[in-house]
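Peer 1: Starting off with a structure, shown below.
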């Protein structure tokens, strides 16, 4: 701790669904060149995700929220600019409103082959994306105390993650709008 304030760090991961600019449907097989250009531009801060129609970005470890925010803006900008060259656009949505899971394929990587084999139908139907905020807490006692306190908030946070009232063109009945 410096001056009584805890020493914290933050890193953010975001997953984007890649959408065809004309049809607005998920891009079932985006061009390899798109990913190659993203990797060339962003290095290991960009990664293919489970679905072929997904890409992930990761900030470096930041010492503050404003620092992480700036990194995330740069990563988002790079993905958008690169995607537009290939008639794609990324969407930061929990799920796509009308594309069907059965039309999606998983990325050709050993890790994803293993996940697809082990989880079968469960993972095939997960046309989802997320945002993850990692907070590093140096002080062991504080970390344990905060983890114990966060259990109260977990149901509330889970309720906020139901952000898509539509899935595969059907009303899910899950909406924060009355």
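The values are calculated or read from the model by the stated rules, or taken from the named source; none is laboratory data. These figures come from a predicted structure and were not determined experimentally. Note that each Cβ is placed from the backbone with ideal geometry, even for glycine, and that neighbours are counted across all protein chains shown.
Peer 1: Which of the helices (runs of 4 or more DSSP H) contained wholly in the range 18-137 include at least 3 residues that are more than 13 Å from the chain's Cα centre (by Cα) and closer than 24 Å to residue 157 by Cα?
Peer 2: 65-85
Peer 1: Any idea which of (1) surrounded by 17 or more Cβ atoms within 10 Å (Cβ to Cβ); (2) touching a residue at least 40 places away in the same chain (Cβ under 8 Å); (3) touching a helix residue (DSSP H, G or I) at 6+ places or on another chain (Cβ under 9 Å) is the one residue 46 doesn't satisfy?
Peer 2: Result: residue 46 passes all but (2).
Peer 1: Please work out if residue 82 is crowded, with 19+ Cβ neighbours inside 10 Å, touching a strand residue (DSSP E or B) at 6+ places or on another chain (Cβ under 9 Å) and either modelled with pLDDT of 95 or more or more than 27 Å from residue 116 (Cα to Cα) (or both).
Peer 2: Against the criterion (crowded, with 19+ Cβ neighbours inside 10 Å, touching a strand residue (DSSP E or B) at 6+ places or on another chain (Cβ under 9 Å) and either modelled with pLDDT of 95 or more or more than 27 Å from residue 116 (Cα to Cα) (or both)), residue 82 qualifies.
Peer 1: For the structure I just gave you, tell me whether residue 130 is farther than 27 Å from residue 21 by Cβ, touching a residue at least 24 places away in the same chain (Cβ under 8 Å) and in contact with a strand residue (DSSP E or B) (Cβ under 6 Å, 6 or more places away or on another chain).
Peer 2: no
Each row is one residue, and each column tells you yes or no for (1) within 29 Å of residue 106 (Cα to Cα); (2) loosely packed, with under 10 Cβ neighbours inside 10 Å; (3) at pLDDT below 85.
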{"residue": "120", "(1), (2), (3)": "yes, no, no"}
{"residue": "125", "(1), (2), (3)": "yes, no, yes"}
{"residue": "129", "(1), (2), (3)": "yes, no, no"}
{"residue": "138", "(1), (2), (3)": "no, no, no"}
{"residue": "145", "(1), (2), (3)": "no, no, no"}
{"residue": "154", "(1), (2), (3)": "no, yes, no"}
{"residue": "162", "(1), (2), (3)": "yes, no, yes"}
{"residue": "170", "(1), (2), (3)": "yes, no, yes"}
{"residue": "178", "(1), (2), (3)": "no, yes, yes"}
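Peer 1: Still on this model: Is there a residue in the range 23-37 that is surrounded by fewer than 18 Cβ atoms within 10 Å (Cβ to Cβ) and closer than 19 Å to residue 134 by Cβ?
Peer 2: Looking for residues that are surrounded by fewer than 18 Cβ atoms within 10 Å (Cβ to Cβ) and closer than 19 Å to residue 134 by Cβ, one finds none in the range 23-37, hence no.
Peer 1: Let me ask something additional. Of (1) surrounded by 14 or more Cβ atoms within 10 Å (Cβ to Cβ); (2) out of contact with any strand residue (DSSP E or B) (no Cβ under 9 Å at 6 or more places or on another chain), residue 102 satisfies all except one. Which?
Peer 2: Among (1) surrounded by 14 or more Cβ atoms within 10 Å (Cβ to Cβ); (2) out of contact with any strand residue (DSSP E or B) (no Cβ under 9 Å at 6 or more places or on another chain), the lone unmet condition for residue 102 is (1).
Peer 1: Out of the residues in the range 1-17 meeting the condition of being part of a strand (DSSP E or B) and free of Cβ contacts under 8 Å to residues at least 12 places away in the same chain, tell me which one is nearest to the chain's Cα centre (by Cα).
Peer 2: Among those that are part of a strand (DSSP E or B) and free of Cβ contacts under 8 Å to residues at least 12 places away in the same chain, it is 5.
Peer 1: I would also like to ask the following. State which residue pairs qualify: first residue in contact (Cβ under 8 Å) with a residue 24 or more places away in the chain and on the phi < 0 side of the Ramachandran plot and inside the range 64-89, second residue surrounded by fewer than 17 Cβ atoms within 10 Å (Cβ to Cβ) and part of a helix (DSSP H, G or I) in any location, beta carbons under 6 Å apart, and separation of 6 or more residues or different chains.
Peer 2: Correct list of pairs: 78/41.
Peer 1: So the check is Cβ under 7 Å with 6+ separation or different chains; which pairs have a first residue in the range 100-127 that's over 14 Å from residue 26 (Cβ atoms) and a second one that's modelled with pLDDT under 85 and surrounded by 13 or more Cβ atoms within 10 Å (Cβ to Cβ)?
Peer 2: 115/123; 116/123
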